[in-house]
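Q: The following block contains the structure, expressed as structure tokens.
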Amino acid sequence: MNLRIELEQERDGRWIAEVISLPGVMAYGATSQDALTKVKALALRVLADRIEHGETTPEILSVSFEAA
């Protein structure tokens, strides 16, 4: 499963990163790297929760991220 991350800088200087294919998975950071780190961790938590509750398909055995 490849997860695409969109990264944008807000007017106030903060960065926001969002995983488009996982609704609601977004995180702010003081730097772009900080936002990326936080959103990746959140995405992994969401995927782990889905696996625990049997809400996934076997394709989620390998996860990679691509920042855009």
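Q: With respect to Ile20, determine if the residue is among the β-branched types (Val, Ile, Thr), modelled with pLDDT under 95 and within 13 Å of Ala67 (Cβ to Cβ). So that I can check it myself, show each step before the final result.
A: Details: among the β-branched types (Val, Ile, Thr): yes; modelled with pLDDT under 95: yes; within 13 Å of Ala67 (Cβ to Cβ): yes.
So Ile20 passes the test.
Q: Tell me which residues, restricted to segment 6-27, are loosely packed, with under 14 Cβ neighbours inside 10 Å and not charged (D, E, K, R). Outline the logic, then answer.
A: If we filter segment 6-27 for residues that are loosely packed, with under 14 Cβ neighbours inside 10 Å, which is where we start, we get 6, 8-13, 20-21, 23-24.
Gln9, Gly13, Ile20, Ser21, Pro23, Gly24, listed by residue number.
Q: In addition: If the requirement is being modelled with pLDDT under 95, surrounded by 17 or more Cβ atoms within 10 Å (Cβ to Cβ) and either touching a Pro at 6+ places or on another chain (Cβ under 8 Å) or assigned to a helix (DSSP H, G or I) (or both), which of these qualifies: Leu47, Leu36, Leu3? It would help to see each step written out before you state the result.
A: On the way: Leu36 fails: modelled with pLDDT under 95; Leu3 fails: either touching a Pro at 6+ places or on another chain (Cβ under 8 Å) or assigned to a helix (DSSP H, G or I) (or both).
Among Leu47, Leu36, Leu3, only Leu47 is modelled with pLDDT under 95, surrounded by 17 or more Cβ atoms within 10 Å (Cβ to Cβ) and either touching a Pro at 6+ places or on another chain (Cβ under 8 Å) or assigned to a helix (DSSP H, G or I) (or both).
Q: Then there is this: Can you tell me which of Glu55, Glu66, Glu59 is at pLDDT below 95 and either in a loop (DSSP other than H, G, I, E, B) or touching a Pro at 6+ places or on another chain (Cβ under 7 Å) (or both)? It would help to see each step written out before you state the result.
A: Values: Glu66 fails: either in a loop (DSSP other than H, G, I, E, B) or touching a Pro at 6+ places or on another chain (Cβ under 7 Å) (or both); Glu59 fails: either in a loop (DSSP other than H, G, I, E, B) or touching a Pro at 6+ places or on another chain (Cβ under 7 Å) (or both).
Exactly one of Glu55, Glu66, Glu59 is at pLDDT below 95 and either in a loop (DSSP other than H, G, I, E, B) or touching a Pro at 6+ places or on another chain (Cβ under 7 Å) (or both), namely Glu55.
Q: Condition first: among the hydrophobic types (A, V, I, L, M, F, W, C) and more than 11 Å from Leu7 (Cα to Cα). Can you find one or more residues in segment 32-40 that meet it?
A: Step one: list which residues in segment 32-40 are among the hydrophobic types (A, V, I, L, M, F, W, C), which gives 35-36, 39.
From the residues that got through so far, the ones that are more than 11 Å from Leu7 (Cα to Cα) too are none.
Scanning segment 32-40, I find no residue that is among the hydrophobic types (A, V, I, L, M, F, W, C) and more than 11 Å from Leu7 (Cα to Cα), so the answer is no.
Q: Would you tally the residues in segment 13-31 being of a type in the set (A, V, I, L, M, F, W, C), touching a helix residue (DSSP H, G or I) at 6+ places or on another chain (Cβ under 9 Å) and more than 14 Å from Leu3 (Cβ to Cβ)? Outline the logic, then answer.
A: Taking segment 13-31 first, the residues of a type in the set (A, V, I, L, M, F, W, C) are 15-17, 19-20, 22, 25-27, 30.
Going one step further and asking which of them are touching a helix residue (DSSP H, G or I) at 6+ places or on another chain (Cβ under 9 Å), we end up with 15-17, 19, 22, 25-27.
Filter again for more than 14 Å from Leu3 (Cβ to Cβ), leaving 15-16.
Qualifying residue count, segment 13-31: 2.
The values are calculated or read from the model by the stated rules, or taken from the named source; none is laboratory data. Owing to the predicted nature of the structure, the values given are computational and were not obtained by experimental measurement. Backbone-built Cβ (ideal geometry, glycine too); neighbour counts: all protein chains shown.
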